[in-house]
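K.L.:
Sharing a structure with you now.
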Amino acid sequence: MSSKVVMVLCDGLGDAPARDRMGFLEHLVEEQAATRYTSRAVLPTTSRPNYESLHTGVAPLEHGIVSNFIVRESKLPNVFSLATAAGLTTAAVGYQWFSEMYHRSPYDRIGHSEYDDGDAGITHGRFYMSEDQPDAEVVIAAVLMAQRHAPSYVLTHTMGIDHAGHLHGRGSDDYNQAVTNLDMILALAIPALLELGYSVLVTADHGHDDHKYHGGTGDDVRDVPMYCIRPNGGGNGVQPDVLSHLQVAPTLCHALGIEPAPTMRAEPFAW
Ligand SMILES: [Zn+2]
């Protein structure tokens, strides 16, 4: 059965901080109204390699985006390109890097910041250029996008947690407050999205380490949460399985009712 899906990608949100600080999402899990997994980020635990692995289902060695310094469009079938090729519409509210990867590169700071007629990958785009973009504005823009345009796939990408991590470090008051603040915004947004018939996934590209950074191999940067919430209100609580980020793209395709690309070799996960 196909569904519309919103994926909330919380940049820099580790698994343990989410469990400790996201009271609304954990309430859904505790009440069996959501399913919660831990998902393993790919290496290196930086943003662009993980954005691409989450959307193509292949490892960085294969997709080639092994560094944040590799700035180009995705060369592989990905969730955006497959959805639009199947006649669905997509949307993204996020940092400009998503426009570079799934719309057009190089990024045109004016022309690509907002559009509703994208002819490649992302149909409706709203992109920001500053890493301190308030998470509330990003999430609300995504909900409005869902209400106004009803795209089949909506990527919502927040950077407040990552920004706090780089400035103040994992475990700092600022980082922890950013995690809880996003949870409070999601407590408004998720019910509104469920009402529209969306399924919602909340995950992250990578976590943060004790040195105001990420990119390495420790569990603090590799393990991130994967919350799955369905409009019917059913969930399976905490699941012991540890997912791989490579499973996300085929899972999204499955949920959207489109065929995963042959390059998406990982198994979809149940949610
Ligand atoms: Zn970062």
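The values are calculated or read from the model by the stated rules, or taken from the named source; none is laboratory data. From a predicted model like this one, the values you see are computed outputs, not experimental measurements. Neighbour counts run over all protein chains shown; Cβ positions are idealised from the backbone, glycine included.
K.L.:
Please state which one of Gly215, Gly234 is of a type in the set (Gly, Ala, Ser) and under 22 Å from Asn50 (Cα atoms).
P.N.:
The unique qualifying residue is Gly215.
K.L.:
When you scan the range 142-171, how many residues do you find that are within 15 Å of the chain's Cα centre (by Cα), more than 16 Å from the ligand (Cβ to nearest atom) and in a helix (DSSP H, G or I)?
P.N.:
2
K.L.:
Next question. Return yes or no: is Glu62 surrounded by fewer than 21 Cβ atoms within 10 Å (Cβ to Cβ) and at pLDDT 95 or above?
P.N.:
yes
K.L.:
All but one of (1) within 16 Å of the ligand (Cβ to nearest atom); (2) more than 17 Å from the chain's Cα centre (by Cα); (3) within 30 Å of Thr180 (Cβ to Cβ) hold for Gln32; state the number of the condition that does not hold.
P.N.:
(1)
K.L.:
Something else about it: Which numbered condition in (1) in a loop (DSSP other than H, G, I, E, B); (2) within 16 Å of the ligand (Cβ to nearest atom); (3) among the aromatic types (Phe, Trp, Tyr) is the only one that Tyr107 fails?
P.N.:
(2)
For (1) among the aromatic types (Phe, Trp, Tyr); (2) part of a strand (DSSP E or B); (3) away from the ligand (no atom under 16 Å from the Cβ), each residue gets a yes or a no:
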| site | (1), (2), (3) |
| --- | --- |
| Val6 | no, yes, yes |
| Leu25 | no, no, yes |
| Tyr37 | yes, yes, yes |
| Thr45 | no, no, no |
| Pro49 | no, no, no |
| His55 | no, no, yes |
| Leu61 | no, no, yes |
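K.L.:
Moving on to the next point. Which residue, of Thr46, Thr38, Thr56, is among the β-branched types (Val, Ile, Thr) and crowded, with 24+ Cβ neighbours inside 10 Å?
P.N.:
Thr56
K.L.:
Return a yes/no flag: does the range 226-245 have any residue that is within 12 Å of the ligand (Cβ to nearest atom) and either surrounded by fewer than 20 Cβ atoms within 10 Å (Cβ to Cβ) or among the β-branched types (Val, Ile, Thr) (or both).
P.N.:
no
K.L.:
Determine whether the range 172-186 contains at least one residue that is in a loop (DSSP other than H, G, I, E, B) and either crowded, with 24+ Cβ neighbours inside 10 Å or in contact with a His (Cβ under 9 Å, 6 or more places away or on another chain) (or both).
P.N.:
no
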